[in-house]
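In what follows, a structure is listed as structure tokens, so that the remarks can point back to it.
The values are calculated or read from the model by the stated rules, or taken from the named source; none is laboratory data. Everything numeric here is computed off the predicted structure, so don't read it as measured data. Positions of Cβ are backbone-derived with ideal geometry, glycine not excepted, and every protein chain shown enters the neighbour counts. Quick note on the areas: whole protein, heavy atoms, side chains included, nothing else; ligands and nucleic acids left out. Shrake-Rupley method; radii C 1.70, N 1.55, O 1.52, S 1.80 Å.
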Amino acid sequence: APVEPPASVARENPAGDRSKTSIGADNAASAKPKPPAAVAVPPEVRVEQPPPEEVVWEMRGASEGKREAEGGAAPPAFLQGFNKQKAMDLLYWRDVKQTGVLFGSVLLLLFSLTQFSVVSVVAYLALAALSATVSFRIYKSVLQAVQKTDEGHPFKSYLDMEISLSQDQIQKYADSAQLYANSTLKELRRLFLVQDLVDSLKFAVLMWLLTYVGALFNGLTLLIVAVVSMFTMPVVYEKHQAQIDQYLGLIRTHVNSVVGKIQAKIPGAKRKAE
């Protein structure tokens with residue numbers, strides 16, 4: 001007669017069969033071929049002309065604005081308070097004290113350069129600044145020793161000020177300088193190679209006038225005149241804007257009429273737009 005297995009073994013076998021069945025099902029599921037992943041198709045290679053310079057400027061401005069909005073590198077601490085509005089306030093004498101100090105300092109520097117060499121002026125300015133800072137440091141040290149206070153270094157706030165430029169800022173300034181240099185070179189090439197005859201003639205007249213200006217003034221004198229004009233002309237224009245605009249309109253009309261007559265008499269001087 002057949003021997004029947006014990007009841008305990010009979011109870012354990014179904015569990016073992018079920019575990020084997022589940023393992024087999026898992027193996028079968030893992031053995032099923034998976035659908036192939038989508039292969040990234042590279043974009044079509046296109047040869048395009050470089051964008052015009054205006055578009056490059058707009059794209060650069062948009063990227064800089066996006067970077068600033070995303071929390072890009074902030075300018076150094078000594079430049080954070082200076083912006084376009086601050087410069088306009090200085091030129092229009094909104095704050096007489098600040099503008100007077102800046103205007104007087106620049107004029108003093110330029111007049112010093114007319115009497116001494118650049119090396120002497122730089123050396124004297126450095127000695128004057130060092131004399132002031134060393135004297136103030138000694139004075140504060142003596143005052144702290146007498147009053148038995150511990151205020152620390154008198155220039156600690158300035159020593160802790162961030163004055164370094166980040167790599168992003170240097171790259172930004174270098175890109176701007178590169179764009180200005182490229183546009184200047186393209187304009188000079190256009191003028192000297194006579195792409196437009198009228199513009200080249202205007203440039204020649206300007207250079208001819210500058211020969212007389214150079215015979216009367218040197219570069220440093222012209223720089224002084226430019227600084228004085230920069231700090232005086234905006235205020236004068238603000239006070240007499242209507243009269244100045246009227247005279248400038250008359251001068252512009254007269255110049256345009258003269259240029260039109262010259263352009264009409266010179267063969268081949270008419271613009272392509274006409």
Equivalent ellipsoid dimensions for the range 111-150 as semi-axes, Å, which come from the Cα gyration tensor, largest first: 35, 6, 5
Gained length - ARG189 relative to SER229, 0.36 nm times residue gap less alpha-carbon distance: 11.3 nm
Loop sites in the range 135-195: chymotrypsin sites (Phe, Trp or Tyr not before Pro), DSSP, at most 14 other Cβ within 10 Å: PHE155
Directionally averaged projected area (convex hull, Cα atoms, the range 192-274), nm²: 7.9 nm²
Whole-angstrom Cα spans of the range 136-218 along principal axes, big to small: 78, 40, 11
Under Karplus coefficients 6.51, -1.76 and 1.60, residue-wise ³J(HN,Hα) of the range 116-123 in Hz, glycine/proline x: 10, 6, 5, 5, 5, 5, 5, 5
Carbon plus sulfur fraction of accessible area for the range 169-238, probe 1.4 Å, in percent: 72 percent
For the range 157-274: accessible area per residue (Å², 1.4 Å): 80 Å²
Karplus 3J(HN,Hα) series, Hz, for the range 186-203 with 6.51 cos²θ - 1.76 cosθ + 1.60 (x for Gly, Pro): 5, 5, 5, 4, 5, 6, 6, 8, 6, 5, 10, 5, 5, 5, 5, 5, 4, 5
Tally of Lys pairs whose C-alpha atoms are under 30 Å apart, taken over the range 132-274, 8 or more apart or cross-chain: 15
Relative contact order, percent, the range 133-274 [alpha-carbon distance under 8 Å, six or more residues apart]: 19 percent
Accessible surface, 1.4 Å probe, highest first, among residues TYR237, TYR124: TYR124, TYR237
